[in-house]
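No value in this document is a laboratory result; all are computed from the given coordinates. Quantities reported herein were computed from a predicted structural model and do not represent experimental measurements.
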């Protein structure tokens, strides 16, 4: 089958896809296991992980590596009572992951292209590192945020419960990850409550449909539009504007590659029931069941993102949640606001989690810098384009109609610039090595770097002026609001 697809997907990666798809029939079996005996579900997932890793994917070394790393965390956090235990555990499990990444690096091209067990290990590391903090929060009863308060672990799990969570079949290979307390509540409460009668089939079908669409885009377009083609003279000799168009199409294909497998994996979690996330009030006043508890990607939101913030919120969601709650918030002293240093530490941690290829650092460090710049633009420029509800809308030439045009223009430019920058910045993630990255970036004259520096300099010069204009605009808005409130009072008095 790999040859029929033009060797765009290796045989090993096809095995991985089939393992993910197998989670659907397994989810149906999982739902039939006795509700009053969660141990059967734990054992079910453990058997799945061993069978898939050892007999299907032949990751014998990886099975032992993940098992021993998880066993270390379980024993260490059970017996070590120091307040710094979570940080020690975090460092050691990251070092364990580094062993796998170093091995990939030593193997050269084979290590960077051949499927190995680094994916399941990376998923496990997210769980193990968060587990350490949740145990510490439960013992100290001093959780830093409402989220951490909800996820703190008060009663230490049994070994079967712990490994059942680590090996949960719906997200073991490629994610999404889950918090231990979510898993505990799911296996011990969900199936003996009324929610078990809610049908997951429509939500599952949606994930499958989106996954298939992403796969079709990848298969039909990926052979022509991919990052490797950028190393050819054909790409290097075309005009700059065509290169930027090419980059945007390649960026779409690259996102489809990850979105496809993530969406299919999410579908299995939804079908099992673990994806259920309660009822949410809609804008029209109706209530709707949510199935996004275990989410790795909001594909539609990513493809319509108007800023780096929008893309980050919808991309690799479980990893971003881990970075936010167990890195970003943990290195921010209580009572203080996060700084650029906090953001830098977070993105460096993300790069280390991905591996040691230069391309990862050439992506995540600049990404953090551009996200800081994006926040600065949002503070200084965006307020001038925000539509105020008190402006009149009675005629096509009224201020609010003009503001709508400006806002739409701002949103479109934000979308266009963000998607182009993301496509450029993701080049290192795929090409990995500096020589290849430099070849592509130099062909577009390092536009993103020049653009970053120029924008930062311009904002530094005019930022104070923009803030003064914002203050003046706010005062004018207050006057308009007061006038409108006064007119409404007069109107109300007349009607009475």
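Distance from the Cα centroid of the stretch 452-466 to that of the stretch 78-155 is 40 Å (rounded to whole angstrom).
How high is the relative contact order of the chain, in percent, with contacts defined as C-alpha pairs under 8 Å that are six or more residues apart?
Working: 544 pairs, mean separation 72.2, N = 496.
In percent, rounded to a whole number, it is 15.
Equivalent ellipsoid of the stretch 119-262: semi-axes from √(5λ) of the C-alpha gyration tensor, largest first, are 42, 20, 13 Å.
Taking only DSSP H segments of four or more residues, each worth -39500 (n - 2.57), what value at 222 nm results for the chain once the sum is divided by all its residues, to the nearest 500 deg cm²/dmol? Please report the intermediate quantities before stating the final value.
Numbers: 22 runs with 332 residues, N = 496.
Taken over the chain, the calculation gives -22000 deg cm²/dmol.
Expressed as a fraction of 2.2 N^0.38 Å, the C-alpha radius of gyration for the stretch 310-461 is 1.25.
Starting from the Cα coordinates of the stretch 216-320, work out the convex hull volume and express it per residue in Å³. It would help to have the intermediate numbers written out before the result.
On the way: hull volume 14.4 nm³, N = 105.
Residue-normalised Cα hull volume stands at 138 Å³.
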